[in-house]
Structure formats: structure tokens, C-alpha cells
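*Asks:* Here it is, the structure in full.
Any read-out appearing in this document is the output of simple, stated calculations on the displayed coordinates, not a laboratory observation. On a predicted model such as this, the values are computed, not experimentally measured, just so you know. Ideal geometry is used to build each Cβ from the backbone, glycine not excepted, and the neighbour counts take in all protein chains shown.
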Amino acid sequence: MSFYSNRIFPYILDLLVGTREFGRYRRAALAASRGKVLEIGFGTGLNLPYYPDAVERLAAVDAERMLPARVARRIADAHFPVEIHHLDAQSRLPFADASFDTAVTTLTLCSIPNPGPALAEIARVLKPDGLYIFFEHGRSDDPRVARLQDRINPVQRVIGAGCNLNRPIADLIRNAGFGTISLERFILPKSPRVMAEMYRGEARRPWRGQ
Ligand SMILES: C[S@@+](CC[C@H](N)C(=O)[O-])C[C@H]1O[C@@H](n2cnc3c(N)ncnc32)[C@H](O)[C@@H]1O
């Protein structure tokens, strides 16, 4: 936790990915959420207006405590109760096995220092028929773009409060053992290509014997 990541970066976040235009991607990504939802990397709560009516309650996890007054207003406007837990998602989370219908990460797998344990926690707390929804940016399939991502990643990690440009998102999710994965890859318009390689999809919790 630093002054930059806690006090300055949240404003940048709201400015860049808190737009109505970006909200269309959030809405599309979150459309299948339902029931009891876990969101890892809650940030400033920018997903809240885009959750569908089928969501009953949200447990929000974030390592940082960002813009508390603004976040409180967003929570008050939500159509379901929200409980925030300021925790490191790489550690064991205080939730029972198989207790969530949906788990969500948006623009978060880039920032968690070691996303493997966080994905393992998602797998643990999802019900057997639960859905993991992800909307992330990551490594390009174009080797020239990927090389550029590798080169500028050290700078991005500083200005993006730990954000990495070059993570192979689909591999990370598969390596965490998720059994079924639907994946849409696209390039975000009007954004630098190195930051615009999007991964949107849904994955199911691993099943023994699958
Ligand atoms: C780029 S922001 C995205 C915020 C939000 N998901 C969104 O779509 O606007 C990444 C978030 O992941 C959080 N994060 C990074 N590492 C984390 C960790 N180990 N545990 C929990 N949250 C973490 C950061 O604090 C930050 O809020």
C-alpha cells in the first residue's frame, strides 16, 4: 500500500475505465452474474452499476482502501447489499468452500502480484455450478506487440500501481484448473495497443475427474 496506489491511482482508474463507454464492456462482461457474488480487486466499485438484477449480494475484496467516500456513495446506489473486505486475495479468504454463485475479476489479474493463489481461492469458494467471469487485459498474441509489452512493462508497473501488460490471462486461468472456459479476445478501440488486448470470458470451477 502506498500513497500513489491509494490516493492518486484511484482517480486515474476512474478517469480511464470509469467512463460510460467503458461501462458497456463492463455490462456485457457481468451479464451472467447471479446470486451471491465475489468480486476480487473491487477498486473504486466501478462495476456496481453494471451488475444485473439477478445479483443478490456482493462480497468485495481489495487490498487497498481507495476513495472511501466515493465508494460508499456507489455502494449506497447499488441494488444489492455490498460487504467490503480489505484483504490480500493471494491469502486464504474468509469465505467457506463452495459458497458463491459467481466470482468476478475485471482488470485485476494484471495487478495481483501472484494471481495463481487468488485464482485458486476463486476456485475454492465457487459452488460446483458457479461461474467465474473475467474481463481483463493481457498479453498480445502478436509477437511484435508482446515484445513491446515486455519492454515497457517495468514502467507500466510503476505508473499502473503494479499493473502488468504482458500476462497470459487465459493460460493463468487454465493453469488454475478451471474446467470450462469461454473466451473472447478483442482489441479495445482508442487505446494504446499494448494496453488494449482484452480477454473476456467465463470459466467453471474445476471438477474432480473432469
Ligand atoms: C486496475 S485496478 C481494477 C479495479 C476494478 N476491478 C475495475 O475494474 O475498475 C486493480 C485492483 O486490484 C487490486 N489488487 C491488486 N492486488 C491485489 C491483491 N493481492 N488482493 C486484492 N486486491 C488486489 C488493486 O488494489 C486494484 O483495486
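*Asks:* Looking at the chain, what % of its DSSP beta bridges pair antiparallel, to the nearest 5?
*Replies:* 40 percent
*Asks:* First select every other residue whose beta carbon is under 11 angstrom from the beta carbon of Val125; then total the charges, Lys and Arg +1, Asp and Glu -1.
*Replies:* Here the count lands on +2.
*Asks:* Which helices, taking whole DSSP H runs in the chain, have alpha carbons extending 18 angstrom or more along the helix axis plus mean Kyte-Doolittle at least -1.0?
*Replies:* 143-159
*Asks:* Peptides 145-158, 62-75: what's the order by average Cβ count within 10 Å, highest mean first?
*Replies:* Per-residue mean Cβ counts within 10 Å order the peptides as 62-75, 145-158.
*Asks:* Per the helix-only calculation at 222 nm, which mean residue ellipticity applies to the chain, given -39500 (n - 2.57) for every DSSP H run of n ≥ 4 and division by its residues, nearest 500 deg cm²/dmol?
*Replies:* Details: 6 runs with 65 residues, N = 210.
Here the helix-only value at 222 nm equals -9500 deg cm²/dmol.
*Asks:* With r defined as the distance between the Cβ atoms of Ala98 and Asp141 and R0 fixed at 41 Å, what FRET efficiency is calculated, to the nearest 0.05?
*Replies:* Computed FRET efficiency for Ala98 and Asp141: 0.75.
*Asks:* With charges only on Cβ, +1 for K and R and -1 for D and E, what is the dipole size of the range 1-65 about its Cα centre, in debye, rounded to 20?
*Replies:* 100 debye
*Asks:* Net charge near Arg57: determine it from the other residues with C-beta under 9 Å of the C-beta of Arg57, scoring Lys and Arg +1 and Asp and Glu -1.
*Replies:* For residues surrounding Arg57, the net value is -1.
*Asks:* Next question. With the crude spin-label approximation of a point 7 Å out along Cα→Cβ, what separation in nm comes out for Lys127 versus Thr19?
*Replies:* 3.8 nm
*Asks:* Relative contact order for the chain: what is it in percent, counting Cα pairs under 8 Å that are at least 6 residues apart?
*Replies:* RCO, the chain: 18 percent.
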